[in-house]
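> Submitted below is the structure of interest, expressed as structure tokens.
The values are calculated or read from the model by the stated rules, or taken from the named source; none is laboratory data. Since the structure is predicted, the reported quantities are computational estimates derived from the model, not experimental observations. Don't worry about glycine lacking a Cβ; one is built from the backbone with ideal geometry, like all the others, and counts go over all protein chains shown.
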Amino acid sequence: MRVPPGVSASDFAEAIKQFQEAVGKEWVFTSAEDVALYRDAYSPLMGEPNELVASAAVAPDGVEQVQKVVKIANRYKIPIYPVSTGKNLGYGGSAPVLSGSVVLDLKRMNRILEVNERNAYALVEPGVSYFDLYRYIQEKGLKLWVDVPDPGWGSPIGNSLDRGGGYLMPQYRNHFDSHCGMEVVLANGEVMRTGMGALPAAQTWQEYKSGFGPWIDGMFSQSNFGVVTKMGFWLMPEPDAYLSGTVIVPRHDDLIPLVNTLNYLENTRVTNGMPDLASPLLGIPMLSEFAARFDQGATPFDRPQDAELTALIAKAGGNMSPELDDYAQKKGIGYWSCKLSFYGATKANAANWAYAKEKFSAIPGVKFEEGDVYKLPLTAEQREKVHKPQFGIPSLAMFSIGARSAMNPEPSTGHMWFSPIIPRTGEAIFEANRVFAQAAKELGLPFLNFNLPSTYWERAFIFIFAFPVVKDIETNKKNVASFRKLIQVAADHGWGEYRTAPVFQDAIMNTYSFNNHALLHFHETVKDAIDPNGILSAGRYGIWPKHVREAKS
Amino acid sequence: MASRREFLQIGVAALALPISARAGLAPAISSRANESAPTPLYKVIFDERFASSRAFAGEGKRLGASIYGIKGDITDLWFNDLDARWKKKPVGIAGLTEHGPLFCLERLAWDHGMRVVYRADHTYRPDGYMEHELSGSERMLREAVDLSSSGPDWSSRTASLLTRCPASPAQASKMTVVTPTAKHADDPEHLVSWVIAPVGAARKFSRS
Amino acid sequence: MRLPPGVSSADFADAIKQFQDAVGKEWVFTSDEDVDLYRDSYSPFWHEDEEPIPSAAVAPDGVEQVQAVVKIANKYKIPLWTISTGKNLGYGGSAPLLGSSVVLDLKRMDRILEVNDKNHYALVEPGVSYFDLYRYIQDNNLKVWIDPADPGWGSLIGNAVDRGGGRTPMRDHFDAHCGMEVVLPNGEVMRTGMGALPGSKTWQQYRYGFGPYVNGMFSQSNLGIVTKMGFWLFPEPEAYLTGTVSVPKRDDLGPLVAGLAYLMNSSIVLGTTSVASPLNFLRGDAELAALRAKPGGPSTQELEHYLQEKNMGYWSIELPFYGPAKVVAAQWEYAKEKFSGIEGATFKEGTLHRFPVDPKELPQFQNSVAVGIPSLSVFGVGGTRSEGHVWFSPIVPMTGEAVLEAQQVFADAYKEMGMSIGPLFFLGPASNYPRCFLVLFGFPIEHDVEKNKKNRENFKRLIKVAAEHGWGEYRTHTAFMETVMDTYSFNNHALRRFHETVKDALDPNGILSPGKCGIWPKSMRKASA
Amino acid sequence: MKNARVGLLLALSLMITAPAFAAPDQDQIEKGHKVYDKWCFPCHGTGLGKPGTDSLAARGQKPAVLEERTDLTVPAIKTFVRHGVLFMPMFRKTEVSDADLDAIAAYLTRNNKP
């Protein structure tokens, strides 16, 4: 049996025995076979000696059991690594940052404690998945939508703590922002409730976020300061109707006014769904059509099959070229497009879309395509054809991207996401493309012609690249090295990543270095104070307990 | 009908007790100014809703002051006028208003090194008398005794008084005057007359 | 001169000298008359020894000077009480919680560092007021709104870190911020969110950055001094429309509030509204007074009948809509449809305003703050001669049942305390925050020691009554912070003990704002408990 | 890693060669159906956006929907669930317990010919 670093075999054996007493023998996993289930299925270190792996796993069934486990871990200074549903694929899965940690698997804590229709919120445990919550709401016939990320099997708590995003209105698709109220088991084993939850008889734990005094919920996101055992989420009331429409602009430089107008419309709440950028000319599809295209066996990059265009795109690289503009004009193909979504009253949606068109009309040559209009709820037939997360329906269709398909006969075994935040301007999109195309060239990466950012966040763009994880160790090594270089390239341009897998957490935290790493030092001071034995998720997001820091230096 | 002999009560006259800033009056800060020279008043502020305040403004205008009417809210006066003016150079203002406008103007003036140098709280009592609680320099209070012979004209007398307010109070004092005064129907129960003037204090927060 | 607790006069004199070296002699205030200006204008301790008066005030003009002051304070263990513009009236103003602290006055740091009207944000220093930013935006003809607090002279930063609220779609002020610069208790400067990335391009566009999101720790706290903060702004919309919904029966409050919650949670209503009842402003009406005087009080039916005769609803809410002119009309139409399920509901449409608004239209706004224009008009409301007020401000659920329950519970509590529930009771229930109601009670401050003493006891009693019913205060006056924090006691005060652990680690000398929100440094904890 | 891959190869070969004599009881099949709906259907079910089904279809597997298969073996099912394949991750015992997995296997082999 693998033993956690710095723990004697006998202490570990004793701890395991106590874990078994705390949670039941069958919920402590120590056999190689069982522990292997906690490996990161998409680990770029798969099969290498430095792959991040657990020594054991413990699965408590309630907050008292979590407290017991934490107290035992303190007693023997055993590093523990909580996961909710362990489905953070592409960002580390269920494997710990510090090899040899004991995974604290919260999947069994899957109670949906409350769903309130009138005030549109839910209170759940970490093992609850988006599917679970969705099913519960459907079974009760509640008129509520859950904002789901692309893969629906993850945990609302896990996803929001890792600050993931979805597709509905801005305040819902920012999953951490949509939470309200937490229960946390601290490193000393004590239970704490935040916000109004600190008031013993609280009536508004899920209605007012910050309570009284310092609002500390954010400390438990992307961190290792506590084990979140309950969390409230604001849900979106089912809207009256949905409408979409697409704006198409003809020229390369039109992306700048396109984004500026989009910002105005989104920030005034004229459009309240996730805007979806695409390029008909370059064959960059909308995110919402990505998965659907795979289903239909089409390539996601289905630019017109035209030798002239292919040559022009290759020539331009990540840059602007007048020839492409000319080609787009000549063929009447839009250079860029943006699909807008509207959730609300039927007439208000129509009026908002009409107003959006009026605003975009300032761009010469702009064209509009009417999209879907649905009175909600969707019919069964409509449900089949829509991009489900845009209607609050969890799905796993996004995995089609990596799946074997006619276009992808030799699929990878996984992926890792490189995801820098860039400004929400057309200029930034151009600059990022130039910079990353150049970097890709230097690194010998087979990058695609042009990348468009995602719009999960209401005020910033996020530029997501998928690095494949394959069976071949050498290829993975090269990809990991390239990933590290890109982190630096991005940081040099003032772009930082919003989230990453454990392999890169130190490297990225290292770029957030203002004033000699003041922020990291702050985290370390807090970490040492509230987790003096350094038992919780050592190394997560670059925060190491004191003894590890000292051993390293 | 009861004989309405004028009633004069001077309470705690010239009590030289330091008055807290909260009370709206800072004690003497410097005596550099010539006590006899009146504070130049940039604006005299009145509340258009109240008869006494309108009478006050009429008298002020007659005496050559530049008057400015508000309806409780000083936002427009300060934001579109005083702020820019005070950033250039602090200059005095006076008024007869409710407490709220004075409260705001006083604090805004602090940031330019100005203080309330005279304040009188005028309160209609249910017994048909008006109570004038005065605080300011001894000289002002001496002059304010004039209010003791006032009736409904108290507010126009106040206007005249304020235009004679010295630039800087030598010493802060308090005094109360009570006179029989019929309440105007549209007056509130409590009004306050005041002068805000530069006193040469260090605490100036404006960035020029 | 007053001395901070535990500091010798020699040390204090040294510290003052060093403060003077750090910020300039004229920016260290020690005379009584200067220090008096930092007293709380609305102190509930008038004429009492307990009034927490500062010993001095220091006004730095930049982050380096703040750092210097903090380092000196550490050296001599001098408690600092940070204020931005010091206009937090009703919640403590510019006075410290701990008497004889040195006020760190950030008013001179009033630079507007950036206003971006393509991505709609601003980056400011703590001395910048709503008026300052509004003027800057007007002068530069930028098409963005700010969301002022009701009194516009306060600081954007100060109000946001005290978690104040406004009225426009950006009304949750702390939630609308993006990115901070903080001077920590050890004097170091830290930037949060994307600001930790040197040369960051998105400090004001993405709030979380990477790793733990710590910004909330600097709200209602004493863990750092915020020296810069970014705010998201609302782009000027095309139009604004209000519509008032009135319902005839007391029991209609349930569906009325449920409808409101739906509209707010669906982002159809984007601004602050509050539940009103004519019974509040008809207090002087003789007929109503007669009804009230009846033994046992009027029945609900009698009140409903009385209002019906006057052609008034029992409850009403005024819904604000922001957006394109045709959209706000469609939203109002949809809202009417939603509320038409309540029998006897009536609707009244307000005037449609288009932006930029003609200054002549301004007086038509009951409160210009709802359309992003700062004001001081709240001070012009008048009424009886008042020496100020402190706010009792519990959060109650956004349901009709909760409002009725709160009304009953607080009316009973007032009665027991021998107070009549003041006309201020119905400031709210208001939706300054997205999912709940805020109820504001103004407690008058008087120049009467006995009355204030009684009021303070009553205030504390109300805090307890509210807590027993599961309603906690969202913010409070310095005089009651300890009492309020006491009620947030889940699991033997686990949250406060967590704060204390963090406080001791970050501020071992306990120099920053001791006692704020009930958090005391280790050295003072026992004394205060 | 090595173990996982070896296991996988083993499973693949078992799938082809091993006879599948499954005679589970009806309760077990019904339970398996429920667990399958929760854990497998989102990827391997019918309809659009089912990557598992699409992937097997692209590989030439007929039928591509697992529920319609009659050639799956219990060991193969268990191996895929516990080791994953390509982009499909493995499933932990807190998600699909051994008992659940037995039930899934019973369900997916219900139509196998002896």
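> Among (1) modelled with pLDDT under 95; (2) touching a Phe, Trp or Tyr at 6+ places or on another chain (Cβ under 9 Å); (3) not in a strand (DSSP E or B), which single condition is C:V390 missing?
(3)
> Further, regarding this structure: Show the residue pairs that are 6+ apart or on different chains and have beta-carbon atoms under 6 Å apart, the first residue being within segment A:537-553 and over 13 Å from A:L98 (Cα atoms), the second being of a type in the set (D, E, K, R) and at pLDDT 95 or above.
Within 6 Å, the pairs are A:K546/A:D528.
> Look through segment C:54-69, keep the residues that are touching an Asp or Glu at 6+ places or on another chain (Cβ under 9 Å) and assigned to a helix (DSSP H, G or I), and return whichever of them is surrounded by the fewest Cβ atoms within 10 Å (Cβ to Cβ).
Only one residue tops the list, namely C:V63.
> Next question. Tell me whether segment A:16-38 contains one or more residues that are of a type in the set (S, T, Y), within 11 Å of chain D (Cβ to nearest Cβ) and surrounded by 24 or more Cβ atoms within 10 Å (Cβ to Cβ).
The answer is yes; a qualifying residue exists.
> Collect the residues in segment C:210-229 that are within 20 Å of C:R475 (Cα to Cα) and more than 7 Å from chain A (Cβ to nearest Cβ), keeping them in residue-number order.
Listed by number, the residues that qualify are C:F218, C:N222, C:G224, C:I225, C:V226.
> Taking A:E410 and the conditions (1) touching a residue at least 12 places away in the same chain (Cβ under 8 Å); (2) on the phi < 0 side of the Ramachandran plot, which numbered condition does it fall short on, given that it satisfies the others?
With respect to (1) touching a residue at least 12 places away in the same chain (Cβ under 8 Å); (2) on the phi < 0 side of the Ramachandran plot, A:E410 is out only on (1).
Matching residues to (1) within 14 Å of chain D (Cβ to nearest Cβ); (2) touching a Leu at 6+ places or on another chain (Cβ under 7 Å); (3) over 22 Å from A:T268 (Cβ atoms):
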position	(1), (2), (3)
A:G332	no, no, yes
A:W336	no, yes, no
A:T346	no, no, no
A:E369	no, no, yes
A:Q382	yes, no, yes
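> For segment A:298-390, give me every one of the helices (runs of 4 or more DSSP H) that falls completely inside it and has 3 or more residues that are closer than 29 Å to A:Y130 by Cβ, within 28 Å of the chain's Cα centre (by Cα) and among the charged types (D, E, K, R).
A:380-385
> If you don't mind, there's one more thing I want to ask. Of all the residues that make up segment C:486-500, how many are facing chain A (nearest Cβ under 7 Å) and surrounded by fewer than 17 Cβ atoms within 10 Å (Cβ to Cβ)?
Looking only at that region, the number is 2.
Conditions (1) within 30 Å of A:R118 (Cβ to Cβ); (2) of a type in the set (K, R); (3) part of a helix (DSSP H, G or I), marked per residue:
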| position | (1), (2), (3) |
| --- | --- |
| C:P198 | no, no, no |
| C:K201 | no, yes, no |
| C:Q205 | no, no, no |
| C:M217 | no, no, yes |
| C:L223 | no, no, no |
| C:K228 | no, yes, no |
| C:Y240 | yes, no, no |
| C:V257 | yes, no, yes |
| C:M264 | yes, no, yes |
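> Can I ask one more? If a residue must be assigned to a helix (DSSP H, G or I), within 9 Å of chain B (Cβ to nearest Cβ) and touching a residue at least 12 places away in the same chain (Cβ under 8 Å), how many such residues does segment C:354-383 contain?
2
> Looking at B:R142, B:R115, B:R119, which one is modelled with pLDDT of 90 or more and out of contact with any strand residue (DSSP E or B) (no Cβ under 6 Å at 6 or more places or on another chain)?
None of the others qualify; the one that does is B:R115.
> Condition test on C:E304, is it buried (at least 18 other Cβ atoms within 10 Å of the Cβ), of a type outside the set (G, A, S), out of contact with any Leu (no Cβ under 7 Å at 6 or more places or on another chain) and away from every other protein chain (no Cβ under 14 Å)?
It is true that C:E304 is buried (at least 18 other Cβ atoms within 10 Å of the Cβ), of a type outside the set (G, A, S), out of contact with any Leu (no Cβ under 7 Å at 6 or more places or on another chain) and away from every other protein chain (no Cβ under 14 Å).
> While we're on this one: Collect the residues in segment C:321-342 that are more than 8 Å from chain A (Cβ to nearest Cβ) and touching a residue at least 60 places away in the same chain (Cβ under 8 Å), keeping them in residue-number order.
C:F321, C:A325, C:V328, C:W332, C:A335, C:K336, C:K338, C:F339, C:G341, C:I342
> Looking at segment A:113-153, which of the residues that are part of a loop (DSSP other than H, G, I, E, B) and within 14 Å of chain C (Cβ to nearest Cβ) is farthest from the chain's Cα centre (by Cα)?
The selected residue is A:R118.
> Check whether at least one residue in segment A:255-273 is more than 10 Å from chain C (Cβ to nearest Cβ), outside any helix (DSSP H, G or I) and surrounded by 22 or more Cβ atoms within 10 Å (Cβ to Cβ), and report yes or no.
Taking every residue of segment A:255-273 in turn, at least one turns out to be more than 10 Å from chain C (Cβ to nearest Cβ), outside any helix (DSSP H, G or I) and surrounded by 22 or more Cβ atoms within 10 Å (Cβ to Cβ).
> Then there is this: Before we move on, is A:N479 in a helix (DSSP H, G or I), under 25 Å from the mean Cα position of the chain (by Cα) and surrounded by fewer than 18 Cβ atoms within 10 Å (Cβ to Cβ)?
So A:N479 fails the test.
> If D:H44 passes every condition in (1) facing chain A (nearest Cβ under 9 Å); (2) within 14 Å of A:L396 (Cβ to Cβ) but one, which one does it miss?
(1)
> Tell me which of these D:A103 doesn't satisfy, since it passes every other one: (1) buried (at least 22 other Cβ atoms within 10 Å of the Cβ); (2) outside any loop (DSSP other than H, G, I, E, B); (3) of a type outside the set (V, I, T); (4) modelled with pLDDT under 95.
D:A103 satisfies all of (1) buried (at least 22 other Cβ atoms within 10 Å of the Cβ); (2) outside any loop (DSSP other than H, G, I, E, B); (3) of a type outside the set (V, I, T); (4) modelled with pLDDT under 95 except (4).
> Turning to a different aspect of this structure: On the given criteria, is A:A59 away from chain D (no Cβ under 13 Å), surrounded by 24 or more Cβ atoms within 10 Å (Cβ to Cβ) and at pLDDT 95 or above?
no
> Among the residues of segment A:486-510, what is the count of those that are assigned to a helix (DSSP H, G or I), facing chain C (nearest Cβ under 10 Å) and crowded, with 20+ Cβ neighbours inside 10 Å?
Of the residues in that region, 5 qualify.
> Can you tell me which of C:Y334, C:Y306 is farther than 24 Å from C:A411 by Cβ and either part of a helix (DSSP H, G or I) or not assigned by TED's automatic domain parsing to the domain that holds C:M264 (or both)?
Just a single option satisfies the conditions, and that option is C:Y334.
> Collect the residues in segment A:384-423 that are in contact with an Asp or Glu (Cβ under 7 Å, 6 or more places away or on another chain), among the hydroxyl-bearing types (S, T, Y) and modelled with pLDDT under 90, keeping them in residue-number order.
Those that are in contact with an Asp or Glu (Cβ under 7 Å, 6 or more places away or on another chain), among the hydroxyl-bearing types (S, T, Y) and modelled with pLDDT under 90: A:S400, A:S405.
> Let me ask something else. Condition first: facing chain C (nearest Cβ under 7 Å), in a strand (DSSP E or B) and within 24 Å of the chain's Cα centre (by Cα). Now tell me which residues in segment A:193-235 satisfy that.
A:W234
> Also: Filter segment B:62-111 down to the residues that are of a type in the set (S, T, N, Q) and surrounded by fewer than 18 Cβ atoms within 10 Å (Cβ to Cβ), then identify the one that is farthest from C:S375 (Cα to Cα).
In this case the residue turns out to be B:S66.
> Further, regarding this structure: So which residues in segment A:171-192 are assigned to a strand (DSSP E or B) and either of a type in the set (A, V, I, L, M, F, W, C) or within 18 Å of C:G193 (Cβ to Cβ) (or both)?
Hits for segment A:171-192 are A:N174, A:H179, A:C180, A:M182, A:V184, A:V185, A:L186, A:V191, A:M192.
> How about segment A:408-449: which of its residues are more than 13 Å from chain C (Cβ to nearest Cβ), under 21 Å from the mean Cα position of the chain (by Cα) and among the small types (G, A, S)?
Passing the criteria: A:S412, A:G414.
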